[in-house]
Amino acid sequence: MKSPIPDYLKVVLDDARSIEGGAPASYIETLAQADTTKMAVALAMVDGNVYSVGDDQVEFSMQSISKAFVYAMAIEDKGLSKVLEKIGVEPSGDAFNQLSLERGTNRPVNPMINAGAITAHSLVEGTTAEGRTERILRGLSQLAGRQLHVDEEVYEAELKTADRNMAIGYMLKSAGVISCDPRDIVKGYIRQCAINVNVRDLAIMAATLSNAGVHPITGDHIIPQAGVRQVLSVMTTCGMYDAAGDWVSNVGIPAKSGVAGGIIGALPGQVGIATFSPNLDERGNSVRGVAICEKLSRDMGLHMM
Ligand code: DON
């Protein structure tokens, strides 16, 4: 029997087209020029069925969505207790690029803000900057089920305006959180953010989290259970930055957004969701993406509570 899901997703996407407001990220030249008419949504079920509509082949950079998966890799490579020594798990309520460390512990507050994500990047296996980036690209490609690539134009564009992230890198070095050259670590973090995906890739990656770390299509056990639990926990409390409270009450799904306009949601045991639309609200989350996720959650009863 033909599934009704694609027709339903088309209706949801068409409704969202009329939502105005927001603007693409302006601090990265290439993102500022994004085609704001592009929109897509994908659902990947834990049984391996994937449904997508709209511009589902259009690629965009993962940006902060990569933070969730690189945190899982750091946990796999160094162990949870070592990672917790370096990065906290408290929601910050601050902007993603806040220069801050947790009072008392001097750790970045959580792995979803830049300070924590740059630290997580430094913790993945690899003795050189190239080695770490290679490990991350390999891990993310395995999750997507295809070879992913760095968008060099996005990488170069972000590098031009990376002063704030460089400042975060030097803050981490002076606090003893990272020990390598901060410039190398920040450049690697920016490369990680510039890895291109489409909504189908992201939905499958999210569904791997929903499916206890087992890839829903290949059946490979990619993310160990300790990592899945930890990542979903911080996605719930910190994944949407200072909109985390609104998100948890309205959508109720562990999630992560990126400034290129992507959002992922991972509902344990059920589904991975991905949306794409470049116009962002003042908190850095996709305006139409948030609206689509709110509708899917309401219509399909996806709220965790
Ligand atoms: O660190 C940055 O500025 C970006 N490369 C990633 C930021 C991002 O996606 C924030 N998320 N909404």
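The values are calculated or read from the model by the stated rules, or taken from the named source; none is laboratory data. It should be emphasised that the depicted structure is a prediction, and the values quoted were computed from it without experimental measurement. Please note: Cβ atoms are built from the backbone with ideal geometry, for glycine as well, and neighbour counts cover all protein chains shown. Each accessible area value is taken on the protein alone, full model and side chains, heavy atoms only, with ligands, DNA and RNA left out. Shrake-Rupley method; radii C 1.70, N 1.55, O 1.52, S 1.80 Å.
May I have the extent of the alpha carbons of region 1-131 along their three principal axes, as whole Å values ordered from largest to smallest?
The principal-axis extents, from largest down, are 53, 37, 30 Å.
Just check region 186-231 against the gyration tensor rule for me: Cα atoms, a ≥ b ≥ c as the square roots of the eigenvalues, rounded for a/c under 1.5, and otherwise prolate or oblate depending on whether a/b exceeds b/c. Display every interim value, and only then the final one.
On the way: a/c = 2.62, a/b = 1.46, b/c = 1.79.
In terms of gyration-tensor shape, oblate.
Over the Cα atoms of region 58-128, Rg to Rh with Kirkwood Rh, two decimal places?
On the Cα set of region 58-128, Rg over Rh gives 0.99.
I'm a student and want to see the number: the projected area of the Cα convex hull of the chain, averaged over all directions, in nm².
14.1 nm²
Counting only heavy atoms of the protein chains, get the accessible area per residue of the chain (1.4 Å probe) and round it to a whole Å² value.
39 Å²
To the nearest 500 deg cm²/dmol, what mean residue ellipticity at 222 nm is calculated for the chain from DSSP H runs of n ≥ 4 alone, each contributing -39,500 (n - 2.57), summed and divided by the residues?
Calculated from helices alone, the mean residue ellipticity at 222 nm is -14000 deg cm²/dmol.
Per-residue HN-Hα couplings for region 63-75, Karplus 6.51 cos²θ - 1.76 cosθ + 1.60 at θ = phi - 60°, whole Hz, x for Gly and Pro?
6, 5, 4, 4, 4, 4, 6, 5, 4, 4, 5, 4, 5
Order these peptides, 100-110, 59-69, by their mean beta-carbon neighbour count within 10 angstrom, highest first.
Most protected by this proxy first, the peptides run 59-69, 100-110.
Using Cα-only point scatterers and the Debye equation, what is log10 of I(q)/I(0) for region 18-84 at each q in 0.17 Å⁻¹, rounded to two decimals?
-0.90
Find the Cα radius of gyration of region 152-207, compare it with 2.2 N^0.38 Å by division, and give the number to two decimals.
On the way: Rg = 14.0 Å, N = 56, 2.2 N^0.38 = 10.2 Å.
Normalised Rg, Cα atoms only: 1.37.
Could you report the accessible area of Y8 in Å², rounded to 10, computed with a 1.4 Å probe on the protein chains as they sit in the structure?
60 Å²
Which whole-number percent gives the relative contact order of the chain, counting Cα pairs below 8 Å spaced six or more residues apart?
27 percent
Compare H303, H221 by solvent-accessible area with a 1.4 Å probe and give them largest first, with all protein chains kept in place.
So, going from the largest accessible area down, we get H221, H303.
Among the aspartates and glutamates, which fall within straight-line cross-link reach of K10, defined as a Cα-Cα distance under 17 Å, with same-chain neighbours fewer than 8 residues apart omitted?
Once the sequence-local aspartates and glutamates are set aside, what remains near K10 is D55, D56, E294, D299.
Once you've got the Cα coordinates, tell me which of K86/K295; K67/K173; K38/K67 are over 28 Å apart.
K86/K295
Take the alpha carbon gyration tensor of region 192-305, find the square roots of its eigenvalues, order them as a ≥ b ≥ c, and report rounded if a/c is under 1.5; if not, report prolate when a/b exceeds b/c, else oblate.
prolate
If ligands, DNA and RNA are left out, what is the accessible area of Y155 with a 1.4 Å probe, given in Å² to the nearest 10?
Spelled out: Y155, probe radius 1.4 Å, area about 20 Å².
Which value does Rg/Rh take for region 63-182 over its C-alpha atoms, Rh per Kirkwood?
0.95
Quick one: with all protein chains in place, what share of the accessible area of the chain is carbon or sulfur, to the nearest percent (1.4 Å probe)?
Working: 5960 of 12020 Å².
Ligands and nucleic acids excluded, carbon and sulfur give 50 percent.
Using amide H atoms built 1.01 Å from N in the peptide plane, name the residues 5+ places from I195, or on other chains, whose amide H lies under 5 Å from its own.
Correct list: M62, Q63, D151.
List, largest first, the extents of the alpha carbons of region 134-251 along their principal axes, each in whole Å.
Its Cα atoms span 40, 35, 26 Å along the three principal axes.
Taking the mean number of other Cβ atoms within 10 Å as a proxy for protection, how do you rank 112-125, 197-210 from highest to lowest?
197-210, 112-125
In debye, nearest 20, what is the charge dipole magnitude of the chain about its Cα centre with +1 on Lys and Arg Cβ and -1 on Asp and Glu Cβ, if you could check?
Details: 27 positive and 35 negative charges, 132 e Å.
In total the dipole reaches around 640 debye.
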